[in-house]
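Worksheet for the structure shown next.
The values are calculated or read from the model by the stated rules, or taken from the named source; none is laboratory data. Please read all numbers here as calculations on a predicted model, not as lab measurements. Methodologically, a virtual Cβ is constructed for each residue, glycine included, from the backbone with ideal geometry; neighbour enumeration extends over all protein chains shown.
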Amino acid sequence: MEVAEYVRFDGVGLAELVAGGEVTPAEVEAAARAAARAVGPRVNAVVETWDTDDRPAPGSAPLAGVPFLIKDLGVTMAGRRTELGSRLAAGLVAGADSFLMTRFRRAGLVTFGRTATPEMAYSVTTEPVLYGATRNPWDVARSAGGSSGGAGAAVAAGVVPMAHATDAAGSLRIPAACNGLFGLKPTRGRVSMGPGVDEVFNGLAVHGAVSRSVRDSAVLLDLISGPEPGDPYYAAPPSRPYAQEVTRDPGSLRIGVLTQAWGGRRTTAAVADALARTVALLASLGHRVVEAEVDLGAGWEEFVLANARQWAANLAAQVDELAAALGRPVDSSTLEPPVLASYHYGRRVTGPQFVAALGMRNRVARSLARSFDAYDVLLTPTLPELPVPLGTFAEGEETLDGHGWLDRVLSRAPFTAVFNVAGTPAMSVPVTADPGTGLPVGMQFAAGHGREDSLFRLAGQLEQASPWSARTPAVWAGDLTGP
């Protein structure tokens, strides 16, 4: 299988070719590796590849033979490094598969490498010291987003049709938006975080994937969702497989639109124009779209402060554990300035402050839940601006403490984190692009707790009405490899 042919298929399409005997898993994997080599120097999305013994028989699993990449964080694969994008964890090798990795194997995926993440996933751009910046395939001078920026750039450039991602404040949806992909953050408790941890950032983080097609994300979520023994959260199973929802009519939805974010950062003209075109498209499809006012349940400054305390306290515990296990110091030789500052900030968070932060989480969850009494779906831009130039987040970073760093991160991505705090599903859909630059513009749709079914139906409809599969970035594996 040539790369130019390989990149024309999504994951489900590749699995169908394998199951039908038209191509072997080894041939598909070889094409994926060739694609990774072709785009690697341009985007720096994949930090390591390895030989794999995952060679499922054709048709033995729904995604048998589909090449796949895991993020360098959040999931462990026995005998493979999990370095969290950090010098502190450099060389760390996992002793066992996590629950999620077991499900990836069971799905038939052929995992042959790991993708870049910012240090400790503590940013929404992927520019770690350990492996260098990941570049956006649409414009290599711009950010690919984060913290699943490596996954986003790899999928957008054609290395794999879908890749593992995590999301604690938008880390899946932001790279989807920056790279012109589909990305759905599931409901809290939909996918197990275990067994090494029960939850990450007190339930803010979830597992998912970024993909070029809606059906790939739906099929994969069907295969990885469901509780494991000891999980602290539970999301009721859907009434039917998500893969079936993609082709179902969503009906006429009540969609509330937020053009401006809670934190005050103004949506740029390019993104506001894309939102207006999305609203017009939704109206043409029969949806009832109205401007919405959504009560966050807390003031923005309180929201940022509580998240800073919650995030930094969790970070401090993780850093201390890694440093003790690996015998390394916690200083500028092992941690980047914003993460080191956040570590020190986290060690100063008191017990009552931490509990108060959890109380804020509860208030936001209750307040947003009431919004879904009025609306079936909320619509916002995924980001208020186009992908930013590389280096934007690093300007003056050495002057910020942990609170100041998270304020910077959330002010640049003010639409996404609230749905992590609430635990509700949300997705970024590449409905349109900016005419001036050609850059993709992601639109975020959020639904009530457990309503991924509604989102998949809407996403499938949008994919049919405004297809994005024919749009390919400047760095595209199909253009960089010959016959």
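In the range 259-286, the residues that are of a type in the set (Lys, Arg) reach residues that are surrounded by 15 or more Cβ atoms within 10 Å (Cβ to Cβ) and in a helix (DSSP H, G or I) with C-beta atoms within less than 8 angstrom, at least six apart or across chains, in these pairs: Arg265/Ser411; Arg265/Arg412.
Determine which member of the set Val330, Val294, Val349 is β-branched (Val, Ile, Thr), surrounded by fewer than 22 Cβ atoms within 10 Å (Cβ to Cβ) and either closer than 19 Å to Gly170 by Cα or under 24 Å from the mean Cα position of the chain (by Cα) (or both). So that I can check it myself, show each step before the final result.
Details: Val330 fails: either closer than 19 Å to Gly170 by Cα or under 24 Å from the mean Cα position of the chain (by Cα) (or both); Val349 fails: either closer than 19 Å to Gly170 by Cα or under 24 Å from the mean Cα position of the chain (by Cα) (or both).
So the residue among Val330, Val294, Val349 that is β-branched (Val, Ile, Thr), surrounded by fewer than 22 Cβ atoms within 10 Å (Cβ to Cβ) and either closer than 19 Å to Gly170 by Cα or under 24 Å from the mean Cα position of the chain (by Cα) (or both) is Val294.
The sole residue among Phe99, Phe68 that is surrounded by fewer than 24 Cβ atoms within 10 Å (Cβ to Cβ) and aromatic (Phe, Trp, Tyr) is Phe99.
Considering only residues of the range 170-221 that are aliphatic (A, V, I, L, M) and part of a loop (DSSP other than H, G, I, E, B), which is farthest from Gly460 (Cα to Cα)?
Here is the first cut: in the range 170-221, the ones aliphatic (A, V, I, L, M) are 172, 174, 176-177, 181, 184, 191, 193, 197, 200, 204-206, 209-210, 214, 218-221.
Cutting the leftovers down to part of a loop (DSSP other than H, G, I, E, B) gives us 172, 181, 193, 197, 200, 204-205.
Values: Leu172: 19, Leu181: 13, Met193: 27, Val197: 34, Val200: 30, Leu204: 26, Ala205: 25 Å.
Across the range 170-221, the extreme among qualifying residues is Val197.
Set side by side, the residues Ala38, Ala107 differ, and just one is surrounded by 21 or more Cβ atoms within 10 Å (Cβ to Cβ) and closer than 27 Å to Glu228 by Cβ, which is Ala107.
Does any residue of the range 278-288 turn out to be of a type in the set (Ser, Thr, Tyr), surrounded by fewer than 20 Cβ atoms within 10 Å (Cβ to Cβ) and on the phi < 0 side of the Ramachandran plot?
For the range 278-288, residues of a type in the set (Ser, Thr, Tyr), surrounded by fewer than 20 Cβ atoms within 10 Å (Cβ to Cβ) and on the phi < 0 side of the Ramachandran plot: present.
Taken together, the criteria place Thr380 among residues that are touching a residue at least 40 places away in the same chain (Cβ under 8 Å) and either β-branched (Val, Ile, Thr) or farther than 30 Å from Gly251 by Cα (or both). Among the residues that make up the range 121-142, is at least one of them under 21 Å from the mean Cα position of the chain (by Cα), more than 18 Å from Val210 (Cα to Cα) and among the basic types (Lys, Arg)? Yes; the residues of the range 121-142 include at least one that is under 21 Å from the mean Cα position of the chain (by Cα), more than 18 Å from Val210 (Cα to Cα) and among the basic types (Lys, Arg). For the range 168-190, how many residues meet the condition of being in contact with a Ser or Thr (Cβ under 6 Å, 6 or more places away or on another chain) and either surrounded by fewer than 24 Cβ atoms within 10 Å (Cβ to Cβ) or basic (Lys, Arg) (or both)? Looking only at that region, the number is 2.
Can you say whether Ala317 is crowded, with 23+ Cβ neighbours inside 10 Å and either part of a helix (DSSP H, G or I) or among the aromatic types (Phe, Trp, Tyr) (or both), as far as the supplied structure shows? Before the answer, list the steps.
On the way: crowded, with 23+ Cβ neighbours inside 10 Å: no; either part of a helix (DSSP H, G or I) or among the aromatic types (Phe, Trp, Tyr) (or both): yes.
In short, no.
If I ask for residues that are crowded, with 20+ Cβ neighbours inside 10 Å and either assigned to a loop (DSSP other than H, G, I, E, B) or more than 23 Å from the chain's Cα centre (by Cα) (or both), which ones from the range 297-314 would you list? Gly297, Ala298 - these are the residues of the range 297-314 that are crowded, with 20+ Cβ neighbours inside 10 Å and either assigned to a loop (DSSP other than H, G, I, E, B) or more than 23 Å from the chain's Cα centre (by Cα) (or both). What do you reckon, is Ser428 out of contact with any Asp or Glu (no Cβ under 8 Å at 6 or more places or on another chain) and surrounded by fewer than 21 Cβ atoms within 10 Å (Cβ to Cβ)? For Ser428, the condition - out of contact with any Asp or Glu (no Cβ under 8 Å at 6 or more places or on another chain) and surrounded by fewer than 21 Cβ atoms within 10 Å (Cβ to Cβ) - is not met. Highlighted here are the helices (runs of 4 or more DSSP H) found entirely within the range 1-106 that include at least 3 residues which are within 20 Å of Val475 (Cβ to Cβ) and either modelled with pLDDT of 95 or more or among the hydroxyl-bearing types (Ser, Thr, Tyr) (or both): 3-6, 25-43.
Inside the range 322-363, residues that are among the β-branched types (Val, Ile, Thr) and outside any loop (DSSP other than H, G, I, E, B) make up a count of 2. As a summary of the residue check, Arg366 satisfies the conditions (1) part of a helix (DSSP H, G or I); (2) surrounded by 13 or more Cβ atoms within 10 Å (Cβ to Cβ); (3) touching a residue at least 24 places away in the same chain (Cβ under 8 Å) except for the one numbered (2). Among the residues of the range 353-363, is any without any contact (Cβ under 8 Å) to a residue 60 or more places away in the chain, closer than 24 Å to Val257 by Cα and not basic (Lys, Arg)? Yes, because at least one residue in the range 353-363 is without any contact (Cβ under 8 Å) to a residue 60 or more places away in the chain, closer than 24 Å to Val257 by Cα and not basic (Lys, Arg).
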